[in-house]
1. Could you give the distance between the Cα centres of region 467-490 and region 52-92, to the whole Å?
2. Calculate, for Ser259 and Asp130, the FRET efficiency according to 1/(1 + (r/R0)^6) with r their C-beta to C-beta distance and R0 35 Å; round to the nearest 0.05.
3. In debye to the nearest 20, how big a dipole does the chain give about its Cα centre with +1 on each Lys and Arg Cβ and -1 on each Asp and Glu Cβ?
4. Taking N as the number of residues in region 172-242, what value does Rg over Cα atoms divided by 2.2 N^0.38 Å take?
5. Counting Lys and Arg as +1 and Asp and Glu as -1, each charge on the Cβ, what is the dipole of region 332-481 about the Cα centre in debye, to the nearest 20?
6. Rounded, prolate or oblate: which fits the chain, taking a ≥ b ≥ c as square roots of the Cα gyration tensor eigenvalues, rounded meaning a/c under 1.5, else prolate when a/b beats b/c?
7. Quick one: putting +1 on the C-beta of Lys and Arg, -1 on the C-beta of Asp and Glu, what dipole do you get for region 154-221 around its Cα centre, in Debye to the nearest 20?
8. Please work out how much length the chain gains when fully extended from Ala81 to Lys432, using 0.36 nm per residue of separation minus the C-alpha to C-alpha distance, in nm with one decimal.
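What follows is calculated from the coordinates using simple rules that are stated; it is not laboratory data. As the structure is a prediction and not an experimental result, all values here were calculated from the model. Cβ placement follows ideal geometry from the backbone for every residue including glycine, while neighbour counts extend to all protein chains displayed.
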Amino acid sequence: MKKSKRSLSLVASSSAAPSRKNASVLPDESRSPSSPRIAVAIMAAGKGTRLKSQLPKVLHEVGGRPLLEHVIRAAVRIAAAKDVYAIIGHEAERVRAAMEHTGVNFVLQAQQRGTGHALIVAREVLDAYDHVIVLSGDAPLITPETIGHLRNFHLEEQAAMTLLSAELEDPTGYGRVLRKRARSAEVQAIVEEKAASAAQRKIREINSGFYVFAVEQLYDNIEGLSTDNAHAEYYLTDMAQVLRKARRRVVAWKTENASEVLGGNTRAELADIDQQMRLAKCRQLMADGVTVFYPATCVIDSDVQIAPDTVIEPYVQLLGNTKIGTACRVRSYCVIRDTEIGDGVVLRPGCVMEWANIDDGAILGPYSHLRPGSEIGEGAHVGNFVETKKIKLGKGSKANHLTYLGDAEIGAGVNIGAGTITCNYDGIHKYKTVIEDGVFVGSDSTLVAPVRVGKGAYIAAASCITEDVPEDALALGRARQAVKEGWAREKRQKK
Ligand code: UD1
Ligand code: CA
């Protein structure tokens, strides 16, 4: 197909995710025997009570993808998928089914008795490692770079527990970090909002919910956790105090990128995170040479690729794995999912398309609806209120007005008149319509499939075509017109 010719390597890599250039965070396949064995555990078993939802919290989407999938994507940049464990519990099967494609492992926390309990149930699998990086499945903005820094700091400090902290304008709701002394890396304790004194609540350094533990020290002391707190849960945060009491080293590493640690506990927080991700995506696209007017109104998923000099107008949604070439114009109110678009394509306002393919220089809309399997050829035109499904429209062909084309193979240089319909369905089976190069289909024709119209043939307007039409023929499939001279005048005179 022509698509393969089109070089998508020209497409700027415009993922909002950080670049892969930072080698230090990439999985180290060539681990020497002495380097530590590191696992990643992602806590994802909670219900998310504050969302008031049937859907488990970690499956709520931001940036077009579930929260947990963002965290898994960051994790598998740090460790091989075989060393990543998602701890699931509430609606576990649903979460597992949604995340199975990532290739990570799952650990079941059948009863969710707190973040500390999540690590208690993961003991069996984590015992095989020297260190475990613990991530929160509801904090999707975390980057592999930051996780990598946290891990390195933990290893350098030879700590039993290292937590990622951040300074927030408004720390409400987060656990606060109590340092041993000002400017010391060492941590005394983490105090949850509900248990914090008025003075402690003024502390703006918060616990992000990301940690690294030395596995042996974690599990040698984890029995020190208790449920003596506001939620009667085992808090992983209490490990700071437990390990301190056991004279183990607990340190914090504070990130400068405080926005990376935001968690999505409420619908409002999810909306904030979504907006941040999408704005970051738009900024990245703009940096790569794409014009995005009024970015706050556009919904662009993070895997979307767009080549330079393409213009995205306000109120456009570009979803899934959509790829758009260079010098295109996507006008307002287009909603495009998993569609590949060539260079120099114009999408006029209000086009809706999914799983379609559009070749260079095509012009679509306003209000074209391309359903799955629509392949629009180079320089073709698809106009207003035209619906297509599973078709090939050849180079330079036109279907400009009010038409349904389904299960059809249409050659090059074909003109499809206004109101043409391919009758592809008899209520049970679907049948194919073939329209060869250079055919002219007059307006308001119905083509009852299976049917073939040969090269260069003409279909007279308003025909119902039920039989194949040979090359270069004229087909008329309509009643002959009758004219009754003077009929109307006589009718008026009779009144
Ligand atoms: C937690 C921290 C808090 C920190 C905040 C950062 C605790 C007690 N508190 O609070 O200090 O500031 O994160 O975002 O850890 N989960 C399980 N199993 C459970 C309970 C929770 O896997 O039994 C998972 C949840 O699905 C979630 C994560 O752990 O992904 C964090 O739990 P959540 O209830 O959101 O903790 P926070 O109240 O945000
Ligand atoms: Ca949370």
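1. 64
2. In this case the efficiency is close to 0.65.
3. I would put it at about 1180 debye.
4. 1.12
5. Computed charge dipole of region 332-481: roughly 420 debye.
6. In terms of gyration-tensor shape, prolate.
7. Here region 154-221 has a charge dipole of around 400 debye.
8. Additional length available on full extension: 121.9 nm.
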